[in-house]
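The values are calculated or read from the model by the stated rules, or taken from the named source; none is laboratory data. Worth saying up front: this structure is predicted, and the values here are computed from it rather than measured. Cβ sites come from the backbone with ideal geometry, for glycine too, and all protein chains shown count toward neighbours. Surface areas here come from the heavy atoms of the whole protein model, side chains and all, with no ligands, DNA or RNA. Shrake-Rupley method; radii C 1.70, N 1.55, O 1.52, S 1.80 Å.
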Amino acid sequence: MFRFLAFMIGLLLAGATFAQTNINLGGITVDDTAAVEVVADNLSVDQDTGKAVFSGNVVIAQGDMKVSAANVEVLYTEATGNIARLVATGGVTFVTATEAAEAQNADYDLEGGFLTLTGEVLVTQGQSAISADKMVVNVADGSAVMEGRVRTVLQQGQN
């Protein structure tokens, strides 16, 4: 559940031209030990740069997290050969068991443990929604920072 009371007070005091807020998205945590599965229509691999580009209906899954996009660039570490980053472009959808997010682009830094969504970011949880220009999620603890024209719609429960 969003912890919106403190968030709303901060949002209302932030002003209309720029807003930044810290939020806790408890469902946006990722099991970073789980395998990363990528499915796509096409794959291009450059052995010299250690880069792979998936294109066309790309779906990435790691544990309960799923990301879909038009294109995803996979960057590997030289030392271990493990995936270091996933850079998704062309409209990105990010889904967990309890939250969903949309953005134009996403950069998932597996080594650092951060997911950065940019461009028309929209996060929904149940009937509530929050939007911003940028969101950075700490996938280890589910905390997030949203910046730039933060806007929210809160649906009140019926009693």
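Residues in region 138-151 that are of a type in the set (Val, Ile, Thr) and either open to solvent by 40 Å² or more (accessible area, probe 1.4 Å) or modelled with pLDDT of 85 or more (or both): Val145, Val150. Is region 96-112 home to any residue that is in contact (Cβ under 8 Å) with a residue 12 or more places away in the chain, in contact with an Asp or Glu (Cβ under 6 Å, 6 or more places away or on another chain) and surrounded by fewer than 18 Cβ atoms within 10 Å (Cβ to Cβ)? Yes: one or more hits. When the residues of region 55-72 are narrowed to those that are hydrophobic (A, V, I, L, M, F, W, C) and surrounded by fewer than 20 Cβ atoms within 10 Å (Cβ to Cβ), which ends up farthest from the chain's Cα centre (by Cα)? The residue in question is Ala70. For region 59-80, the tally of residues that are free of Cβ contacts under 8 Å to residues at least 24 places away in the same chain and either over 20 Å from Ala103 (Cβ atoms) or of a type in the set (Phe, Trp, Tyr) (or both) stands at 2. Would you say Ala52 is in a strand (DSSP E or B), at pLDDT below 90 and open to solvent by less than 50 Å² (accessible area, probe 1.4 Å)? Taking the combined requirement at face value, the residue satisfies it.
Looking only at residues in region 73-95 that are of a type in the set (Val, Ile, Thr) and open to solvent by less than 50 Å² (accessible area, probe 1.4 Å), the one that is nearest to Gly56 (Cα to Cα) is Val92. For region 38-49, residues that are open to solvent by 50 Å² or more (accessible area, probe 1.4 Å) and part of a strand (DSSP E or B) total 6. If you scan region 113-135, which residues turn out to be open to solvent by less than 40 Å² (accessible area, probe 1.4 Å) and either at pLDDT below 90 or more than 8 Å from the chain's Cα centre (by Cα) (or both)? Within region 113-135, Gly113, Leu115, Gly119, Val121, Val123, Gln125, Ser128, Ala129, Ile130, Ser131, Ala132 qualify.
Taking each residue of region 114-127 that is in contact (Cβ under 8 Å) with a residue 60 or more places away in the chain and looking for partners that are among the polar types (S, T, N, Q) and open to solvent by 40 Å² or more (accessible area, probe 1.4 Å) with beta-carbon atoms closer than 7 Å, six or more apart or interchain, yields Gln125/Thr98.
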